[in-house]
Amino acid sequence: MTCRPCAILLGVVLLAGAAQAQEENSRTRRRRGRPAAPDAQREEERALLYQLADAQRSLGEQIQQLKDRVDTLHGELATGEDKDSALEQEVKAARDEIKGLYVESSSVKQQIDALKDDIAGVNSNVSGFRTFSGFFIATMILLLAVIFVLTIRR
C-alpha cells in the first residue's frame, strides 16, 4: 500500500471533521437567532452527529489498520533486504571461489603442458634407443655369424 490511499483517507477524515465543525457553527447561529428548535429536529441532528462520530471512529480504526499494515510491510521489506544482502554475500563468495578454481585450473593446464613436453622427450629417447639397440643387435648377429664361420673353417 502506498502513501496515496493514506493521504486520500486522511483528506476524507479532515473534510468530514470540517463539515461537522461547519454544521455545528451553523446550528449555533440558528439557535441564537431563533427560538429553541423542536425536539424532533434536535434528535435528528444528534443522530447525524452520532453517525459522523461513528464514521470518524471507523475511519480512525481504518487508518490505524493501514499504519499497522505499513509497519508490517516495512518489516517484511527489511527482511527481504537482509535476505538480498545474504544472497549477495553468497554470490561474492562463489565468485571468489570460481576465481581460485580458474587460477588452479590454469596451473594444472601448465603442468599438463610440461608433462606433454616431457613425454615427447621420452618418446624421442625411446626412438633413439630402439635405433641404437637395433644396430647393436645387428652387430651382435654379424659377430656371431663371423665367429660361427671362423669356427667351422678350422
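The values are calculated or read from the model by the stated rules, or taken from the named source; none is laboratory data. Predicted model, so just to flag it, every value in this text is computed and none were measured. All Cβ positions, glycine included, derive from the backbone under ideal geometry; neighbour counts span all protein chains shown. Side chains included, ligands, DNA and RNA excluded: accessible areas come from the protein's heavy atoms. Shrake-Rupley method; radii C 1.70, N 1.55, O 1.52, S 1.80 Å.
Observations
- No other residue among Thr72, Thr79 is among the polar types (S, T, N, Q), closer than 30 Å to Ile8 by Cα, assigned to a helix (DSSP H, G or I) and more than 18 Å from the chain's Cα centre (by Cα) apart from Thr72.
- Just one of the numbered conditions (1) outside any loop (DSSP other than H, G, I, E, B); (2) modelled with pLDDT under 90 is not true of Ala36: (1).
- Scanning the range 48-96 for residues that are basic (Lys, Arg) and either under 30 Å from Gln20 (Cα atoms) or touching a Pro at 6+ places or on another chain (Cβ under 9 Å) (or both) yields Arg57, Lys67, Arg69.
- Check on Thr151, exposed (fewer than 10 other Cβ atoms within 10 Å of the Cβ) and among the hydroxyl-bearing types (Ser, Thr, Tyr): yes
- Any hit, the range 117-128, residues being open to solvent by 100 Å² or more (accessible area, probe 1.4 Å) and either touching a Leu at 6+ places or on another chain (Cβ under 6 Å) or under 30 Å from Gln20 (Cβ atoms) (or both): no
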